[in-house]
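The values are calculated or read from the model by the stated rules, or taken from the named source; none is laboratory data. Since the model is a prediction, treat every value here as computed from it, not as a measurement. Please note: Cβ atoms are built from the backbone with ideal geometry, for glycine as well, and neighbour counts cover all protein chains shown. SASA here: full protein model, heavy atoms, side chains in, ligands and nucleic acids out. Shrake-Rupley method; radii C 1.70, N 1.55, O 1.52, S 1.80 Å.
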Amino acid sequence: MEDVEHVMKLARLDLSAAEREEMRRQLSDILEHVAKLQELDTAEVPPTYHVLKTREIWREDEVRPGLSQEAALANAPRRRDGCFQVPRVAEEF
Amino acid sequence: MNYEVVIGLEVHAELATRSKMFCGCPAVFGGQPNTQVCPVCLGLPGVLPVPNRRAVEFAIRAALALNCAVASVTRFDRKNYFYPDLPKAYQISQYQHPLAKGGYVGIATPAGPKRVTIQRLHLEEDTGKLLHLPGGDSLVDLNRAGVPLMEIVSEPELSSPQEARDYLMQLKAVLEYTGVSDVRMEEGSLRCDVNVSLRPAGSAELGNLVEVKNLNSFRAVQRALEHEVERQRALLEANRRVVRETRHWDEASGTTFATRSKEEAHDYRYFPEPDLLPLEISPEWVEQIRSQLPELPGKRRRRLVDEDGLPEHDAAVLTASKRMADLYDACRAGYPDPKTVSNWLMGELARLLNATGRDLSQVPLTAEHLIGMWRLMDQGVLSGKLAKAVFEEMFRTGKDAATVVREQGASQISDEAQLAAVVERVVAANPKVVADFRGGKEQALGFLVGQVMRETRGRANPELANRLLRDQLRPG
Ligand SMILES: [Zn+2]
């Protein structure tokens with residue numbers, strides 16, 4: 001339950017007691033399942049970085065037109081001086 | 001008790017690409033807010049990032065120049081946190097499989113040369129910019145969000161604020177020489193966070209680490225570290241604990257202060273970025289980039305010492321910036337005396353750059369200007385003293401030396417007849433000093449030469465003035 005509350009804080013989630021209990025149960029199931037997988041000996045298996053077996057796709061360093069300021073801010077609840085206006089978050093990261 | 005200082009640096013450099021890391025928006029500075037944005041860098045739903053090939057190439061180039069091993073497979077991860085400078089609520093970064101590891105930067109210390117290990121070099125995207133309003137809200141400009149950024153982390157192997165500064169200077173020089181970044185700390189294209197701790201001399205265990213942020217210049221890095229070392233030393237000597245925390249450097253007061261920060265703030269819940277494939281970096285690509293590396297600062301410094309006979313210190317100063325080193329080479333191509341070239345570049349030029357707060361790219365001065373001035377000095381047309389004024393004018397206006405000399409009437413008076421008239425006047429006006437000299441007081445001559453210089457506003461050829469005065473004053 002501690003883990004659930006920690007993740008809740010990180011993800012800014014507000015869960016009811018019943019929801020927390022359900023999350024705790026689901027998370028334990030997942031962790032138990034992964035623990036079981038980890039019992040396998042994978043020393044000889046090459047790591048899978050990605051499930052797709054395609055080659056990477058590159059972009060050349062070319063500028064392409066984007067959105068106008070008007071379009072960029074179109075869905076902003078509040079704006080000012082060409083910027084998104086948001087409540088101040090004092091926390092420094 | 002004796003304490004040992006342990007410092008590590010985390011440097012962020014914006015890559016000088018035309019477009020952003022994962023979208024085609026321009027990466028240049030200075031647009032109106034939110035005019036260099038698109039659905040990808042705004043974090044709108046349903047978009048996919050596509051890596052910029054040149055950004056990866058630049059990072060590989062930097063990694064090779066810093067003697068790192070480049071990974072054959074590298075991967076992006078999501079670094080999750082909530083802050084309005086990141087519209088996606090995560091930053092695409094690299095955690096488990098960085099692009100490169102295990103390089104080094106060489107610095108000079110009083111105890112001899114030292115190699116500072118680079119732990120890792122990885123790619124990530126820059127964040128947007130916040131402007132905090134007095135009323136409590138913040139304004140968000142996402143033009144910088146998604147600009148390619150390279151993070152370079154040193155091992156905690158630096159043992160003084162001076163070493164930290166030297167490491168940073170050297171790192172900056174390498175990035176500038178390889179052309180991968182503009183490396184301007186003042187504009188934020190080069191940023192530096194430091195972590196510093198103290199431990200009893202000889203102890204293997206690290207003390208509590210303090211991270212210091214908001215360092216916007218080389219001077220700030222050194223001053224903040226000096227302050228922080230003293231603060232921690234005072235705490236330890238008073239038998240108090242150093243708190244593990246992030247502190248903010250305040251330039252105005254010259255002190256650091258703690259920033260409020262919750263414990264879970266640094267739990268970023270990294271996980272592999274599912275929208276991007278791992279990058280496979282072929283050995284051929286790496287070798288091709290390696291073969292195109294330019295002459296790096298360390299090698300250039302050696303050349304200036306070994307071939308031009310400059311002192312280590314001078315060579316280090318001249319090669320710390322590529323523009324300065326290039327100017328030195330261009331001057332030497334047209335002028336034979338290394339010492340004259342280095343004296344002027346490190347003296348007058350550095351002084352004026354400092355005084356005007358500009359860098360070489362912003363002044364019209366070229367090697368031709370300097371070479372022209374030195375030739376006029378060698379020909380005796382221009383005195384060393386007046387040359388400084390001529391230099392200042394060239395620095396300011398970009399006019400060549402001959403033009404400035406003509407305009408300022410700064411050419412040296414080497415004409416005997418012209419100077420003899422001045423000498424006569426000076427002798428007539430200073431009978432007492434003349435009598436002193438004739439009475440055997442040799443220093444009196446210096447005063448008279450000074451008077452001749454003054455009369456000619458510094459233009460008299462001093463050797464000629466000296467000889468003419470002696471001729472005049474020789475006992476009948
Ligand atoms: Zn974009």
Of all residues in region B:39-97, which are part of a helix (DSSP H, G or I), among the basic types (Lys, Arg) and within 8 Å of another protein chain (Cβ to nearest Cβ)? B:Arg53, B:Arg54
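Residues of region B:68-78 being of a type outside the set (Val, Ile, Thr) and buried (at least 18 other Cβ atoms within 10 Å of the Cβ), which ones? Even if it seems obvious, please write down each step before you answer.
From region B:68-78, those of a type outside the set (Val, Ile, Thr) are B:68-69, B:71-72, B:75-78; that's our starting set.
Of everything in region B:68-78, those that are of a type outside the set (Val, Ile, Thr) and buried (at least 18 other Cβ atoms within 10 Å of the Cβ) turn out to be B:Cys68, B:Ala71, B:Arg75, B:Phe76, B:Asp77, B:Arg78.
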Quick check: is even one residue across region B:256-271 exposed (fewer than 14 other Cβ atoms within 10 Å of the Cβ) and more than 14 Å from chain A (Cβ to nearest Cβ)? no
Only one of these conditions is not met by B:Lys441: (1) open to solvent by less than 30 Å² (accessible area, probe 1.4 Å); (2) part of a loop (DSSP other than H, G, I, E, B). Which number is it? (1)
What residue, of B:Glu155, B:Glu187, is assigned by TED's automatic domain parsing to the domain that holds B:Val56 and within 23 Å of B:Gln362 (Cβ to Cβ)? B:Glu187
With the condition kept exactly as written, say whether any residue in region B:389-403 is within 14 Å of B:Gly458 (Cα to Cα) and in the same structural domain as B:Leu349 (by TED's automatic domain parsing). yes
Residues being touching a Leu at 6+ places or on another chain (Cβ under 8 Å) and either small (Gly, Ala, Ser) or away from the ligand (no atom under 11 Å from the Cβ) (or both) - total across region B:35-47: 1
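Restricting to region B:233-255, and then to whatever is in contact (Cβ under 8 Å) with a residue 40 or more places away in the chain and not acidic (Asp, Glu), can you tell me which residue is most open to solvent (accessible area, probe 1.4 Å)? Before the answer, list the steps.
Taking region B:233-255 and keeping what is in contact (Cβ under 8 Å) with a residue 40 or more places away in the chain, we get B:233, B:236-237, B:242.
Keeping just the survivors that are not acidic (Asp, Glu) gives B:233, B:236, B:242.
Working: B:Arg233: 60, B:Leu236: 44, B:Val242: 11 Å².
So, considering only residues that are in contact (Cβ under 8 Å) with a residue 40 or more places away in the chain and not acidic (Asp, Glu), the one most open to solvent (accessible area, probe 1.4 Å) is B:Arg233.
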Which ones in region B:206-265 are part of a loop (DSSP other than H, G, I, E, B), within 28 Å of the chain's Cα centre (by Cα) and over 16 Å from B:Ala164 (Cβ atoms)? B:Glu251, B:Ala252, B:Ser253, B:Gly254
Here the residues within region B:315-365 that are of a type outside the set (Gly, Ala, Ser), open to solvent by less than 50 Å² (accessible area, probe 1.4 Å), modelled with pLDDT under 90 and not in a helix (DSSP H, G or I) are B:Asp359
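Per-residue answers, yes or no, for (1) under 23 Å from B:Asn2 (Cβ atoms); (2) polar (S, T, N, Q):
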| residue | (1), (2) |
| --- | --- |
| B:Val116 | yes, no |
| B:Thr127 | no, yes |
| B:Ser138 | no, yes |
| B:Leu142 | no, no |
| B:Glu163 | yes, no |
| B:Met169 | no, no |
| B:Glu187 | no, no |
Select from region B:1-34 the residues that are away from the ligand (no atom under 14 Å from the Cβ), within 13 Å of chain A (Cβ to nearest Cβ) and polar (S, T, N, Q) and list them in ascending order. B:Gln32
Return the residues of region B:111-166 that are at the interface with another protein chain (Cβ under 10 Å from one of its Cβ atoms) and free of Cβ contacts under 8 Å to residues at least 40 places away in the same chain; say none if nothing qualifies. B:Leu131, B:His132, B:Leu133, B:Gly135, B:Gly136, B:Asp137
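Suppose we keep only residues that are of a type outside the set (D, E, K, R), at negative phi and touching a residue at least 40 places away in the same chain (Cβ under 8 Å) within region B:184-193. Which one would you say is surrounded by the most Cβ atoms within 10 Å (Cβ to Cβ)? Walk me through it before giving the result.
If we filter region B:184-193 for residues that are of a type outside the set (D, E, K, R), which is where we start, we get B:185, B:188-190, B:192.
In the following step, the residues that additionally are at negative phi were identified as B:185, B:189-190, B:192.
Those left that are additionally touching a residue at least 40 places away in the same chain (Cβ under 8 Å): B:189-190, B:192.
Details: B:Ser189: 20, B:Leu190: 22, B:Cys192: 27.
If we take residues in region B:184-193 being of a type outside the set (D, E, K, R), at negative phi and touching a residue at least 40 places away in the same chain (Cβ under 8 Å), then B:Cys192 is surrounded by the most Cβ atoms within 10 Å (Cβ to Cβ).
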Could we say that B:Gly409 is loosely packed, with under 14 Cβ neighbours inside 10 Å and within 29 Å of B:Gly372 (Cα to Cα) here? yes
Condition set in contact (Cβ under 8 Å) with a residue 40 or more places away in the chain and over 31 Å from the mean Cα position of the chain (by Cα), scope region B:84-104, selection most open to solvent (accessible area, probe 1.4 Å): answer is B:Gln96
Given the conditions (1) on the phi < 0 side of the Ramachandran plot; (2) open to solvent by 30 Å² or more (accessible area, probe 1.4 Å), every one holds for B:Val196 apart from (2)
Breaking point among (1) more than 16 Å from the ligand (Cβ to nearest atom); (2) at pLDDT below 95, for B:Leu99: (2)
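Do we find a residue being within 16 Å of the ligand (Cβ to nearest atom) and part of a strand (DSSP E or B) anywhere in region B:130-139? Walk me through how you get there before you give the answer.
Of region B:130-139, the ones within 16 Å of the ligand (Cβ to nearest atom) are none.
Among the residues of region B:130-139, not one is within 16 Å of the ligand (Cβ to nearest atom) and part of a strand (DSSP E or B), which makes the answer no.
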Of (1) more than 13 Å from chain A (Cβ to nearest Cβ); (2) part of a loop (DSSP other than H, G, I, E, B); (3) not aliphatic (A, V, I, L, M), B:Gly102 satisfies every one except (2)
Matching residues in region B:272-293 (closer than 24 Å to B:Arg61 by Cα and open to solvent by 50 Å² or more (accessible area, probe 1.4 Å)) number 8
